[in-house]
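Okay, structure first, notes after.
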Amino acid sequence: MKMNKKLITLASASILGVASGAAMANDGAGWTGSGEAGFNKTTGNTDTQTLLARLKMGYGLTRSDYSVMFEIENKKTDGNTDSARYMLDQQYDLYFTTARDNYGFVNLRNERNKPTDIKLDNTLTIGLGRVLYKTNASQLKGEAGIGYQDVSVYTGSDFDQVTGRVKLDFNHKFNDTYSFAQDALYITGSEQDKIETNTGLRAALSNQLSASFGYKYRYNSAPGAGVKKTDGETNLSLIYNF
């Protein structure tokens, strides 16, 4: 199956644009977010020092949430700096009850990652999510869905595929200062499987400022020519919440 790239990008953006517009048109808590900047060292396909910038924003209502995250990595290799990776992730969640334990979601992920031969990866997913475990200190959330992925590469052949997607998110707050977060994303299809995990320990420095130490792991079952299947990143950053 081959779909027009412009069509899927336009359709995906339109769905999420309507979702976010609907949220902003109603009374809610308003926008919340965080900005993050830090340093990481990458091993795997590249052996570099990297400055990382990440912006997360969300808008929540009683029965729905809209979130967006933009991430950019500026890599410095042999004294030369180049912007190697960009990622935009948007999601709209619609809760079935005011308890907010079960929901449907639409997710759009766009990524460019030159070191792993990805010129543009557009992935659109629809599915269901559920809060699996919740206490005052901890929460475990799971999502499962189906979607479509269209990938353009710098070398080799472009491809598209129908995908299955599973995601787990776990958060735990030890006390008012320290917290832990772990997520795992698995996308599978006939052409390619991808796994991404993020592990993070955060320490609050003030009401708005935090320090974070994290590790990101990525796996691609069918990378481009000469590209390794796995990547690892160790990140140390400061986070400002607003």
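Here are a few things to note about the model shown:
- If only residues of the stretch 176-203 that are in a strand (DSSP E or B) and of a type in the set (D, E, K, R) are counted, the one that is farthest from Asn241 (Cα to Cα) is Asp193.
- Matching residues in the stretch 207-228 - criterion: being in a loop (DSSP other than H, G, I, E, B) and touching a strand residue (DSSP E or B) at 6+ places or on another chain (Cβ under 6 Å): Gln208, Ser221, Gly224
- Residue selected from the stretch 200-228 under the condition of a type in the set (D, E, K, R), under 17 Å from Pro115 (Cβ atoms) and under 19 Å from the mean Cα position of the chain (by Cα), by the criterion surrounded by the most Cβ atoms within 10 Å (Cβ to Cβ): Arg218
- Close pairs from the stretch 162-175: first within 23 Å of Leu128 (Cα to Cα), partner in a strand (DSSP E or B) and among the basic types (Lys, Arg), Cβ under 7 Å, at least 6 apart: Asp169/Lys141
- Filter result for Gly232 (touching a residue at least 60 places away in the same chain (Cβ under 8 Å) and either in a strand (DSSP E or B) or surrounded by 16 or more Cβ atoms within 10 Å (Cβ to Cβ) (or both)): yes
- Each residue in the stretch 73-117 was checked for being of a type in the set (Val, Ile, Thr), surrounded by 16 or more Cβ atoms within 10 Å (Cβ to Cβ) and at pLDDT 90 or above, and 1 pass.
- Of all residues in the stretch 135-161, those satisfying the criterion of being touching a residue at least 24 places away in the same chain (Cβ under 8 Å) and surrounded by fewer than 17 Cβ atoms within 10 Å (Cβ to Cβ) are Ala137, Ser138, Gln139, Leu140, Gly142, Ser152, Tyr154, Thr155, Gly156, Phe159.
- Count of the stretch 101-118 residues which are farther than 30 Å from Leu140 by Cα and not polar (S, T, N, Q): 4
The values are calculated or read from the model by the stated rules, or taken from the named source; none is laboratory data. Not measured: the values here are computed from a predicted model. Cβ atoms come from the backbone with ideal geometry, glycine included; neighbour counts cover every protein chain shown.
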